[in-house]
Amino acid sequence: MQIEELNDTNCKTYLLTVGDEAALVDPVRERLDTYRLLIGRRGLKLKLVLETHTHADHLMLNRAAKELLGATVVMHRESPSPLVDRHVDDGEVLTLGGERIEVIHTPGHTPDSVSYRVPGAVLTGDTLMIGGSGRTDFPGADAGQQYDAVHNRLFKLPDDTVVWPGHDYRGGKSSTIGGEKRGNPRYARSRAEYIALMGSLGLPFPTKIQEALQVNQSGFEAEEVTFPLVADVAAMPQVSPEQLAAEQRGAAPPVLLDVREPEEFVGELGHIRGALHVPLDVLARRLPKLAGYLGREVVVICRSGARSASAGAILRHAGFDHVRNLAGGMLEWNTRRLPTEH
Ligand SMILES: [Fe+2]
């Protein structure tokens, strides 16, 4: 398998090729024409788009770009976007030209962060970078999980495995597992020291987060949905699946508002009995029709809890004072085997 970095910037996209079959890892939307030209010129068949996680610093593929590429979009099962064709979990194996691509779930930077292990190498996204690691201060991030993923999973790979990171801010290209085990100053710390360090970095939010994160989570464009401020989304109160199930059995059950796409509402995860269905892209327009619920307890619901947090912030902004987000969305609801309808 050949691995090439295509962007030559801080933000890395890789082209994997085996024979005439190709995969793109973490494509950046604004560079799509360049990728397509390259793939066309070499006569490659683009089979897969592999995302290492939901990105906050660049726009991922939208519906139109996905159609143009015609490849299967692969992301972890906890990824919020409705544009994913194949959700994968730890240990799953994809193939490209007959060669293996193994999924390693490496959460921490985001809940849906994965590394892709290919023959002789591993694409580590923002989990393990050359002498560094991806930040863990966005909603859903967890420094302890990231430390465990690196020490218990990535550092167990053979020392000569080549590491291809999602970013490098010092012009670096690649590293090795052995090199990172010996020389990565962040992961050389104890787990407690690592968590303390990551909590004290005080990094500014990336300039693109407001335009990129919620767009990437939702599959919609900023023109289709007016997204709330990321800080307001991060401040959404959460309700656990168990707590919500208990409240549903109580005297004054909350109003349930499911903001997923129509095909998801009736898809494999199902929906909760009695949930109102208002997809995120029409929520703002439907607010007048929801005015009757203004004083009520409202719980917003989606696949993983990311899009619904945006929806909740939109509702709060519109005067709904008692909005909570279903933590982990329908994925968690299903994991706890709570009842669903299809
Ligand atoms: Fe990232």
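Among the residues making up the stretch 24-47, those that are among the hydrophobic types (A, V, I, L, M, F, W, C) and either surrounded by 15 or more Cβ atoms within 10 Å (Cβ to Cβ) or under 25 Å from Ser115 (Cα atoms) (or both) are Leu24, Val25, Val28, Leu32, Leu38, Ile39, Leu44, Leu46.
Look through Arg31, Arg77, Arg36 and report the one residue that is touching a residue at least 40 places away in the same chain (Cβ under 8 Å) and basic (Lys, Arg). Talk me through it step by step, then tell me what you get.
Working: Arg31 fails: touching a residue at least 40 places away in the same chain (Cβ under 8 Å); Arg36 fails: touching a residue at least 40 places away in the same chain (Cβ under 8 Å).
Sole residue among the options that is touching a residue at least 40 places away in the same chain (Cβ under 8 Å) and basic (Lys, Arg): Arg77.
Restricting attention to the stretch 291-342, the residues that are farther than 19 Å from Glu264 by Cβ and touching a strand residue (DSSP E or B) at 6+ places or on another chain (Cβ under 8 Å) add up to 10.
Here are some residues: Val103, Val84. Which one is within 17 Å of the chain's Cα centre (by Cα), open to solvent by less than 10 Å² (accessible area, probe 1.4 Å) and closer than 30 Å to Ala327 by Cα?
Going through Val103, Val84 in turn, just one is within 17 Å of the chain's Cα centre (by Cα), open to solvent by less than 10 Å² (accessible area, probe 1.4 Å) and closer than 30 Å to Ala327 by Cα: Val103.
Restricting attention to the stretch 159-187, the residues that are in contact (Cβ under 8 Å) with a residue 24 or more places away in the chain and either among the polar types (S, T, N, Q) or in a loop (DSSP other than H, G, I, E, B) (or both) add up to 14.
Considering only the stretch 90-118, how many residues are assigned to a strand (DSSP E or B), closer than 16 Å to Asn152 by Cβ and within 16 Å of the ligand (Cβ to nearest atom)?
First pass over the stretch 90-118, keeping only residues assigned to a strand (DSSP E or B): 93-96, 99-105, 114-118.
Adding the requirement that they be closer than 16 Å to Asn152 by Cβ leaves 102-105, 114-115, 117.
Checking the rest, the ones that are also within 16 Å of the ligand (Cβ to nearest atom) come to 105, 114-115.
Of the residues in the stretch 90-118, 3 are assigned to a strand (DSSP E or B), closer than 16 Å to Asn152 by Cβ and within 16 Å of the ligand (Cβ to nearest atom).
Entry remark, the stretch 218-234: residues being without any contact (Cβ under 8 Å) to a residue 40 or more places away in the chain and in a loop (DSSP other than H, G, I, E, B) number 2 in total.
For the stretch 270-299, the set of residues classified as over 28 Å from the mean Cα position of the chain (by Cα) and more than 24 Å from Glu332 (Cβ to Cβ) consists of Pro288, Lys289, Leu290, Ala291, Gly292, Leu294, Gly295, listed by residue number.
The values are calculated or read from the model by the stated rules, or taken from the named source; none is laboratory data. Computed from a prediction, not measured in an experiment: that's the story for all the values here. All Cβ positions, even for glycine, are placed from backbone atoms using ideal geometry, and neighbour counts span all protein chains on display. Only protein heavy atoms, including side chains, enter the accessible area calculation; ligands, DNA and RNA are left aside. Shrake-Rupley method; radii C 1.70, N 1.55, O 1.52, S 1.80 Å.
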